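The values are calculated or read from the model by the stated rules, or taken from the named source; none is laboratory data. For clarity, every value in this text was computed on a predicted model and none was experimentally measured. Using ideal geometry, Cβ is built from the backbone for each residue, glycine included, and neighbour counts are taken over all protein chains shown. Keep in mind that these areas ignore ligands, DNA and RNA; they rest on the heavy atoms of the full protein, side chains included. Shrake-Rupley method; radii C 1.70, N 1.55, O 1.52, S 1.80 Å.
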Amino acid sequence: MVLALLAAVLHALFGALQKGRYDPWISRMAMDASYGLIALPFALFVVPRPEPHMWPIFGGVFVIHLTYKLAQGATYTKGAFTVVYPVVRGTGPLFAVIGASIVFGEVFTPVQWMGVAVLLTGIFGLAVYNFVFLDVQRDSLPQALALAVLTGLLVAVYTTFDAYGIRATADPFTFLAWFFMIDGLTFSPLVAIFHRRAVARIVDWPGLVRRGMLGGVVAIGSFGSIMLATRLDKVGEAAVLRETSTVFAAAIGYLLLGEKVGPRRLALMSLIALGAVIVEFSG
C-alpha cells in the first residue's frame, strides 16, 4: 500500500515536470535519457544478470511501453490535458483489474468493486467537469477521447505485463535496473530523431538537463515503486491505489502552480480517494 501511494505521489510530480517551458516530448526525452543513464551502471555492474527467459520479456516491455508513450503523446496533442488525462487514468485501473483477474487469477470482492466504481465516478466526473468549461480543441475531442481510452488500455497492459516480468525473475532489482536502462536509452534517441527540429530550437540546455535529472529520479521512484508493489501484492489493488495520483496532481497544482481547485473538483477528488480506501481495506 505504501509503495502504491508513493508511486501515486511521484507519478503526479512526474506529470507536473513534463509541463512547463519545454515541449512535452523534449521533457520526456531528457527524463528518459536520465533514468536510462542512472540505471546503466546498476544493470551492468551491480544487480545479477537476467536469466535467459527474461530477454523475450524485456522485448515485450520495450514494445508495450513504446506504444503507450506514442499513444499518450497523440492523446495530449489532440485533446485538452484536463479532459483526456482523467479518462486515461480512469480507464487504466479498470482494465488493469480485469487483466489481473485473467492473468493472475485475482478476485475482487463486491465491496472492492463498489470502491472501483466510486473511484471511477470521481475520475470521469473530473473529465466531464473539465469538459463543461473547455473552450479549446473541441473539434478534435472525439479523436482525443478515443485515443485516451486506448492509452488507458495500454496503461493496463504495461501494468499487468510489468507485474508478470518482475515476478518472473529471482531478483526484482534485476528487472528494474534492466527495464529502466532499456526503456530510457531506447526511447530518448527516437524522440531526438523524430523531433530533431524541436531539439535544434532548444536554447536552455542546462535547464533541460536539470529537469531531466530530477524527472529521471522521480520516474525511477514512481515506476519502481508500483512494480515492487505488484510483486508484493495484488496487481489490481496497486493499480487502483496509483490512480490517487489525480488527487496529488491537483494538490501540486494548487500548492506549487497556483491553480484553483474549487468545491466541485474537491468533492470529485474526495470520491477518488474514498474509492481507493474502499478497495484497499475491503480485500
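Values as computed for the structure displayed
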| quantity | calculated |
| --- | --- |
| Any pair with Cβ under 9 angstrom, 6 or more apart, that starts in the stretch 260-271 at a residue that is under 18 Å from A8 (Cβ atoms) and without any contact (Cβ under 8 Å) to a residue 40 or more places away in the chain and ends at one that is outside any loop (DSSP other than H, G, I, E, B) and open to solvent by less than 60 Å² (accessible area, probe 1.4 Å) | V261/A250; V261/A251; V261/G253; V261/M269; L266/A250 |
| In the stretch 99-151, the residues that are of a type outside the set (A, V, I, L, M, F, W, C), open to solvent by 70 Å² or more (accessible area, probe 1.4 Å) and not in a loop (DSSP other than H, G, I, E, B) | P110, T121, P142, Q143 |
| Residues of the stretch 171-194 satisfying the condition of being among the small types (G, A, S) and more than 20 Å from the chain's Cα centre (by Cα) | A192 |
| In the stretch 162-185, residue most open to solvent (accessible area, probe 1.4 Å) [restricted to those that are of a type in the set (D, E, K, R) and over 14 Å from A39 (Cα atoms)] | R167 |
| Count - residues of the stretch 237-255 that are among the β-branched types (V, I, T) and more than 17 Å from A127 (Cα to Cα) | 2 |
| Helices (runs of 4 or more DSSP H) enclosed by the stretch 182-283 - at least 1 residues per element that are modelled with pLDDT under 85 | 245-256, 262-281 |
| Single unsatisfied condition, I38 versus (1) over 19 Å from D204 (Cβ atoms); (2) buried (at least 21 other Cβ atoms within 10 Å of the Cβ) | (2) |
| Out of A30, A71, sole residue that is among the small types (G, A, S) and over 25 Å from A146 (Cα atoms) | A30 |
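Here is a yes/no grid of residues against (1) of a type in the set (S, T, Y); (2) modelled with pLDDT of 90 or more; (3) within 14 Å of the chain's Cα centre (by Cα):
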site	(1), (2), (3)
G73	no, no, yes
V83	no, no, no
T91	yes, no, yes
F108	no, no, no
V111	no, yes, no
L119	no, no, no
R138	no, no, no
T151	yes, yes, yes
